[in-house]
Each structure stands twice: as structure tokens, then as C-alpha cells.
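Quick notes on the structure that follows.
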Amino acid sequence: MKVCVYAISKNEEKFVERWVNSMKEADEICVLDTGSTDDTVKKLKELGVTVKVEQINPWRFDVARNKSLQMLPRDTDICVCTDLDEVFEKGWRKKLEKAWLPDTTKARYPYYWSLDENDNPKVSFYIEKVHALDNYIWKHPVHEVITYTGEEEHIITVDDILVKHYPDSTKSRASYLPLLELSVEEEPEDDRNMHYLGREYMYYGRWNDCIDTLIKHLNLKSATWKDERSASMRFIARSYIKLNRFDEARMWLDKAIEEAPYLRDPYIERALLEYKLENYVEVSFYCLKALEIKEHTKSYIHEVFSWDGTVYDLLSISSYALGKYEESLFYVKEALKFDEKNERLQANKEIIEKKCIEEREI
């Protein structure tokens, strides 16, 4: 099989060498540079990458992706789209070829979107950016997706291929909001983009716009994925919290739980709301409900705080407030297993231990 990698770039010189080393298992690597002012193009060429330079005006991610895809040789069997801040684990090509069947058109595989200081995943999910050459185009100005235009798509899952994401935190995402607004304007019935737009309004602190947009998302006929619907409800609740409208926030979090009772996230957010309002019995209740959920499905929907030490931290604080000091000590120790150097948790532990000693002496 002929396996080729394609990507877009702009001012990525610090990632070039690591990225090329990760991608060099491919037969060819092609990059469309969209206007770098640093040494990205020079470094790519020095490492044997086929580079084309073209500015996209007005800027759209889908246009850039499609132009980079067009750079691949016509005899390419498998197209691998990545970004320069992503790294494949070694051996990915052989694993991909072994899994690829004669009728395969696309592959999904694990993606570590966010990693901790020890290179362990904080947020991970499946992505689908490996595909056949024909009958695929990229769609949407931002949060673009590779879309099949043929008659019957055949997708395989390759669990032993892994991509890790090491983003440049200094890069601006200011273009995302207007591009998302354009996406929704172009396809107002697209539930995915409506959800992303509402979430983006939340990031910008536009609480009422977030609420209105996500209610539109929930009312779309195509908005059937319960995980994402639950997330929209959680984001509506967050906006109401920022507006100090706690009853509405509680109502939407209850809706989020009802929509996807198998996810930890709405329970944790409900616990966080009750913690803000100092309702410690409710904090404990929703944290314990969250802990009943053991499965971490591979979805971008999951929040980091749903699977780190947050739940134990909340249980420790609420138990202490309710006079359950031994329980509080147990939970703070559990929280410290996730972040043993956390000074606040360490200080809490000392306070709780002293209280436990006092209680035992009475």
C-alpha cells in the first residue's frame, strides 16, 4: 500500500522536526503552508517534505485541508491527515496496513487531546482522519470534518494506533468564533456546529447567546447524540450560574442527568453547583452518584474534572462540613492520590487529621 501524510501549517517551526520524525513511516509527506513568517517551510523542505505555499483568503480550515489533500499522489491508497502539533506512536504504519481491509474507506483510532506533565491522557477520544483518497472532502470553515461523498462508507477501528496532541498554547483561537458563526449561517440545521457555536459563546462569556444557541441545538431534529445534548444542557446551566440564576441552572443540570445518566459529568457539575451554594448534603449525594459510574467512554465530551481528584475533594469538604471527619480524611487521601503535591489538599489533610484526633479523645 502507498501511505501518504498530509497537513497544513503556519508558523510551526518548533514542531517540524518532531512531527516529521513521527510521520516518516509514510511513503510521502505533503504540507500546505498558509503563510508562515518563520522557518517552517525551510525546515520542512530540508527534511524532505513536499511543501506548497498558498495563502487562503478569506481563511477557512476546510479549504486549506482540501488543498493539502489535493497535493497527494493519485496512486495513494491511505491518506493520513495530521497537524504539526500531533505525534504518532512508532509502528503506526504497519498496524494501519494490517487493519486496513479491501473495502475500508476510513479508520478511527485513539487520540490523546490533552496530556498531563507525565504524558498521561487527561482527555482522550477517537478521531477519524485516516481515509481513502477518493470520495472524501473536508467540510465546515472551522471544526472541519472529513466527509464521505460516495455510496457506502466502511469504517474500521484501530485501537493500537495512538496520536498524542501537544498544542501551542500561545496560538490564538480568535478566528474560531466568526468561523463558527459562518458555519451555522451556511448550515443552520447542522447540530454539531450549533453545539460548538454555543460552547464558544460560553468561552467568550456571552451567557445569553450561549443559552439561546444551545437551546436551538437541542431543538434540532438531528441533535440526537445524548452525550452532546447533555453537554449543551450543562453549558446552559453554567451560563445561568454566571447570571446568578441558580434555580434555572439546577433545572438544566437535572435535565442533563436525565439525558445521559451514564455520564459522570452532569453529576459532578450538579455537585459543584451545590458546593457553591453550600448545600453539603447534596454535594455528597451527587458525588457518590458520580462514583457509581466506572466507564470512561472515549468521547471528547468528558470533562477532566469528572475523572481526576475533584470528586474526592468535594466529598472530603462536604463530609467535613457535615461533621463526618473520618470520612473526610478518607476522601482527602483519595484526592491526594491524583495530585500529591497539592498544597491546599495537604493543608486540608492536616486540619482534618487534627479534628479526627480531637473527636477520638472526646
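The values are calculated or read from the model by the stated rules, or taken from the named source; none is laboratory data. None of the values given here were measured: they were computed from a predicted structure. So basically every Cβ, Gly included, is an ideal-geometry build from the backbone, and we count neighbours across all protein chains shown. Just so you know, the surface numbers come from the protein's heavy atoms only, side chains and all, with ligands and any DNA or RNA stripped out. Shrake-Rupley method; radii C 1.70, N 1.55, O 1.52, S 1.80 Å.
Highest mobility in the GNM of the chain, judged by mean-square fluctuation with C-alpha springs under 10 Å and restricted to Ala271, Ala231, Ala321, is found for Ala321. Of the two radii for the stretch 200-342, the radius of gyration is 1.00 times the Kirkwood radius, both from the alpha carbons; that is the Rg over Rh value. Only beta bridges with both residues in the chain are counted; by DSSP, about 45 percent of them are antiparallel. Around the amide H of Tyr6, modelled in the peptide plane, lie the amide H atoms of Cys30, Val80, Cys81, Thr82, all under 5 Å away and 5 or more residues distant in sequence or on another chain. Each 10 Å bin from 0 upward holds the following percent of the Cα-Cα pairs of the stretch 45-137: 12, 39, 36, 13, 0. In the context of the full set of protein chains, the chain has a per residue accessible area of 51 Å² (1.4 Å probe). With contributions of -39500 (n - 2.57) from each DSSP H run of at least four residues, the per-residue ellipticity at 222 nm computed over the chain stands at -14500 deg cm²/dmol. Would you please give the FRET efficiency between Leu277 and Asp119, computed as 1/(1 + (r/R0)^6) with r the Cβ-Cβ distance and R0 = 51 Å, to the nearest 0.05? The value I calculate is 0.85. In the structure displayed, which of Lys242/Lys333; Lys129/Lys216; Lys333/Lys355; Lys122/Lys216; Lys139/Lys216; Lys294/Lys341 lie more than 23 Å apart, Cα to Cα? Where the Cα-Cα span goes over 23 Å, the pairs concerned are Lys242/Lys333; Lys129/Lys216; Lys122/Lys216; Lys294/Lys341. For the stretch 66-109, the alpha carbon positions stretch 28, 27, 16 Å along the principal axes, listed from largest to smallest.
When restricted to Cα atoms, the chain yields an Rg and a Dmax of 23.7, 81 Å, respectively.
A full extension of the chain between Asn57 and His296 corresponds to an added length of 81.9 nm, given 0.36 nm per residue minus the alpha carbon distance.
Ligands, DNA and RNA left out, the accessible area of the stretch 229-362 computed with a 1.4 Å probe is 50% carbon and sulfur. For the stretch 229-286, the percent of C-alpha pairs falling in each 5 Å distance bin, counted from 0 to the bin holding the largest distance, reads 5, 24, 33, 25, 12, 1. Average 1/r across all pairs of distinct alpha carbons in the stretch 161-211, invert it, and you get the Kirkwood radius: 12.4 Å.
On the principal axes of its alpha-carbon atoms, the stretch 122-274 has extents of 52, 38, 34 Å, going from largest to smallest.
When nucleic acids and ligands are ignored and a 1.4 Å probe is applied, Lys122 ends up with an accessible area of around 100 Å².
Plainly put, the stretch 1-107 has a radius of gyration that is 0.97 times its Kirkwood radius, both from alpha-carbon atoms, as the Rg/Rh ratio.
Among 349-358, 188-197, 234-243, 128-137, sorting by the average number of other beta carbon atoms lying within 10 angstrom of each residue, highest first, gives 234-243, 188-197, 128-137, 349-358. The share of accessible area on the stretch 58-187 that comes from carbon and sulfur is 48 percent, using a 1.4 angstrom probe. Taking the alpha carbon gyration tensor of the stretch 14-71, multiplying each eigenvalue by 5 and rooting it gives semi-axes of 20, 14, 9 Å, largest first.
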